[in-house]
Each structure stands twice: as structure tokens, then as C-alpha cells.
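The values are calculated or read from the model by the stated rules, or taken from the named source; none is laboratory data. Since we're looking at a predicted model, the values are computed, not measured. Note that we place each Cβ from the backbone using ideal geometry, even for glycine, and neighbour counts take in every protein chain shown. To get the accessible areas, we keep the full protein, side chains included, count just its heavy atoms, and leave off ligands, DNA and RNA. Shrake-Rupley method; radii C 1.70, N 1.55, O 1.52, S 1.80 Å.
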Amino acid sequence: MLLLKQYLLRERYGLNPVVTAVLTGNHGWARDDRGLQLSALLSSEDLPEHGAPPAIGSLTADVLVEVSTMNPRTGQPALDHLRQALEAGMDVITANKGPIAYGFKELEALAASHSGHLRFESAVADDLPIFNLMRYNLPTAKVGLVRGIFNSTTNYLLSQTARGVSWKEALAEAQRLGIAERDPSNDLEGWDAALKAAIVANVVMGLDVKVADVVREPITEEVAVRAREAARRGMRIRPLAAIGPFGTRWAPVEVGPDDPFYAVDGFSMAIELDTDVAGKLAIALHHPRVEQTAFGLLSDLVDIETHRS
């Protein structure tokens, strides 16, 4: 995405991002304080260096972009990655839901104490502009209720099985496309959605919701049978998160044609905000791919650099 948008970044925003290091868990690492050649790195499956990578705090960088895998029950090791960067005085951009779900207030305070920025637009629903919408377009609005489809895997499974595709075939296709993990339990049991619901509750609504507080109703083959039956009646079942004064819940919910989530099909995701002064707003991202996550990271970078200057 940096290569694709390099001309626009320079001409419109005066930005010329230089990547000085790339650290991975399974593909090695690379570092050059003068700037790495991104096209060369992208053409290889592995990075040139192996063994223990340098500590995050020792890197020559103004911004950390963090997209590592993490344990959905703890947010680690990504949470420590963000801590190390913020303590070193870096701004942090992440698409990682774990650290924000488990450590938002701590990380926000840490960023403020080092005059840094913490951005995470891609942590929930790829580049759906939930947090920037609140920050820049709804500055005095109070959100009393949120509904959302935050997990693309379960939405795809319910959409496909409603059309008559078998559960196993739909899951295999989601895995082949790289949307579902090899072990899909975090999606099916609602852990992924619970992390995202906790983030929205705490960041958008100012609540103090723990991941364990989110009531989860797993998506199973039995739910897929219900989805097929609902489709025969002109209804659809969606994996909906609901956040409000009643608590936070993620469950398969039947919706009709007059519901904004009725048309949010397949891998698509969406959110509905019920506000006190701005009315009820619904935003959908249809059929996202990995490029949308990358774009969310890039938009956060532009936002940070714009406000830095």
C-alpha cells in the first residue's frame, strides 16, 4: 500500500514514509536505518536476517505499525509490542484487536505521557471508519446503542449455508481465501467478535467492558440449519454484536428486509450507531480483502503525520 500510494502521499500530504525495519515471527527480519527497499522484500518469502530480532525500543523509527498474531484470551504478545514502542517514544498504529481490547486505557495513557499517538482504525472491521467517525465527525454525540457485524467468517458461513452450501464446504472456502483461520474456533466461539465488541464499547461509548463480560452464543452447524430455514421465510440470520445499557452480547440474530444488516452479506461487515443528536447511522463495508486492512493502517499513518505537523 505504501508503494501504491507513494506519489499521492508525497504530492497531497508531503509524506515520504521510510521503512527502517520489518520484524516477523516466522519469516525473519530486516533492518536498514537508511531505509529498506520494499519492492525487494515483497518479492521474497523470507526476510534476510534470522535469529533473535532487535528489540522494538532499539529501532530507529518514529512509528510502529503492529500487525502480529496474538492470543485472543490475553492480547499477548502484541500488547507488549505496543507498550515497548510507546515507552520508546514512538507513535503506534495497529490492526490488532487484542491489545486495544485488553489494554486500551493503559496504552492511551502511555501514549499521552510520551506525547505520542495511538491509532487502531483497522482493529475492528478493517477500514470501516468507526473511530475516525467519532473523532472527527461526531465530536459531541453520545452513542447509546451499537449493533454490528464484526466477524466476516461467521457472516460468510451463515450467508453461504442459507443458500444451501454445506457447512464444511463454506468453511473450507473461507479458509482457502485466507479469511478463516486453520483453527476457526476463535471466530465460531465468538472470541474475535467479543474482542471487537469490547473495543467499541470502551472507545466509542466510554464504557468499561471486559472481554469476559461479552455474552457469546457460538455459531454452529445447528445455527446454519436455522439460517436455511429463515431464508425460506424471507429472513436472514446475522452474527450480531449488540452493545448498550443492557450489556454486551454476540449472537446469531434473525433480521428482516427492513433491517440495515439484512443486505450485509458474505464477508461484509457493518456497524449501526444510535446517537442522541446525530440520529441513527449505519455504515457497511462490503466484501473486504486484506487490502482494506492495509488501507486502514495507511489512513492512520496519514492522520498521525497530519496532526504531528
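Remarks
- Relative to the longest principal axis of the Cα atoms of the chain, the long axis of helix 152-162 makes an angle of roughly 30 degrees.
- Relative to the 2.2 N^0.38 Å rule of thumb, the range 81-164 has a C-alpha radius of gyration ratio of 1.37.
- Excluding exposed DSSP-loop chymotrypsin sites (Phe, Trp or Tyr not before Pro) (at most 16 other C-beta within 10 Å), longest clean stretch of the chain: 1-245
- Rotationally averaged projected area of the range 152-240 (alpha carbon convex hull; nm²): 6.3
- Normalised by 2.2 N^0.38 Å, where N is the number of residues, the alpha-carbon radius of gyration of the range 182-301 equals 1.13.
- Centroid-to-centroid separation of the range 1-61 and the range 104-156 [C-alpha atoms, Å]: 26
- Rounded to the nearest 10 degrees, the angle from helix 191-203 to the longest Cα principal axis of the chain is 70 degrees.
- In Å, descending, principal axis extents of the Cα set of the range 44-124: 36, 28, 19
- Kirkwood's formula applied to the C-alpha pairs of the chain gives a hydrodynamic radius of 20.5 angstrom.
- For the pair Q292 and D258 in one chain, pulling the backbone fully straight at 0.36 nm per residue adds 9.5 nm over the alpha carbon distance.
- Probe 1.4 Å, protein heavy atoms only - accessible area per residue of the chain in square angstrom: 50
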